[in-house]
Amino acid sequence: MGKIPDITFEEFEEILQTETKPIVVDTWAPWCGPCKGIEPYFEQLSEKYANQLRFVRMNMDTESAFAQKHMISSLPTFVVFKDGKPFNSLIGAKRDKLKSLVEKAAKGN
């Protein structure tokens with residue numbers, strides 16, 4: 001594990017200004033069991049779609065400003081940003097739905 005960078009809200013805001021690929025954000029917390037359970041699968045998807053998408057993780061215990069700004073109330077929540085704005089999201093650790101979310105983002109829809 002650990003190939004996907006854990007970033008701060010400030011770092012995310014900078015990435016959002018410069019990244020041309022869609023960004024997939026994994027919001028998690030150290031106490032969240034489902035977050036830990038889905039992490040290896042999220043890593044696999046990040047390797048498969050590295051050319052089309054940028055993958056990052058953000059700890060909601062330390063980056064609550066992101067949670068407030070984007071109304072994250074359940075973990076894990078995966079948010080896709082496209083052209084600097086939230087584009088799609090998924091609440092929960094559901095492999096099939098996460099795969100679908102990532103595939104759609106990679107295709108641009």
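The values are calculated or read from the model by the stated rules, or taken from the named source; none is laboratory data. Since the model is a prediction, treat every value here as computed from it, not as a measurement. Note that each Cβ is placed from the backbone with ideal geometry, even for glycine, and that neighbours are counted across all protein chains shown.
Listed conditions (1) assigned to a helix (DSSP H, G or I); (2) surrounded by 12 or more Cβ atoms within 10 Å (Cβ to Cβ); (3) not polar (S, T, N, Q) are all met by Phe78, apart from (1).
A single entry from Ser89, Ser73 fulfils the requirement of being touching a His at 6+ places or on another chain (Cβ under 9 Å), outside any helix (DSSP H, G or I) and either among the aromatic types (Phe, Trp, Tyr) or within 23 Å of Glu11 (Cβ to Cβ) (or both): Ser89. Could you say whether any residue in the range 41-59 is basic (Lys, Arg), under 18 Å from Phe9 (Cβ atoms) and surrounded by 15 or more Cβ atoms within 10 Å (Cβ to Cβ)? Yes, that holds for at least one residue.
Given the structure, is Gln52 at pLDDT below 95 and either over 13 Å from the mean Cα position of the chain (by Cα) or more than 20 Å from Glu103 (Cβ to Cβ) (or both)? Against the criterion (at pLDDT below 95 and either over 13 Å from the mean Cα position of the chain (by Cα) or more than 20 Å from Glu103 (Cβ to Cβ) (or both)), Gln52 does not qualify. Based on this model, can you work out whether Ala67 counts as crowded, with 17+ Cβ neighbours inside 10 Å, in contact (Cβ under 8 Å) with a residue 60 or more places away in the chain, in a helix (DSSP H, G or I) and small (Gly, Ala, Ser)? Against the criterion (crowded, with 17+ Cβ neighbours inside 10 Å, in contact (Cβ under 8 Å) with a residue 60 or more places away in the chain, in a helix (DSSP H, G or I) and small (Gly, Ala, Ser)), Ala67 does not qualify. Restricting attention to the range 1-15 and to residues that are surrounded by 15 or more Cβ atoms within 10 Å (Cβ to Cβ) and out of contact with any Ser or Thr (no Cβ under 8 Å at 6 or more places or on another chain), the residue that is farthest from Ser64 (Cα to Cα) turns out to be Ile15. When Phe87, Phe42 are checked against the criterion of being in contact (Cβ under 8 Å) with a residue 60 or more places away in the chain and touching a strand residue (DSSP E or B) at 6+ places or on another chain (Cβ under 7 Å), Phe87 stands alone in meeting it. Selection within the range 92-109: residues that are in a helix (DSSP H, G or I) and of a type in the set (Lys, Arg). The member of this set that is nearest to Ile72 (Cα to Cα) is Lys97.
Within the range 1-51, being part of a strand (DSSP E or B), out of contact with any helix residue (DSSP H, G or I) (no Cβ under 6 Å at 6 or more places or on another chain) and among the acidic types (Asp, Glu) holds for one residue alone: Asp6. Scanning the range 50-72 for residues that are within 22 Å of Asp83 (Cα to Cα) and touching an Asp or Glu at 6+ places or on another chain (Cβ under 8 Å) yields Arg54, Phe55, Val56, Arg57, Met58.
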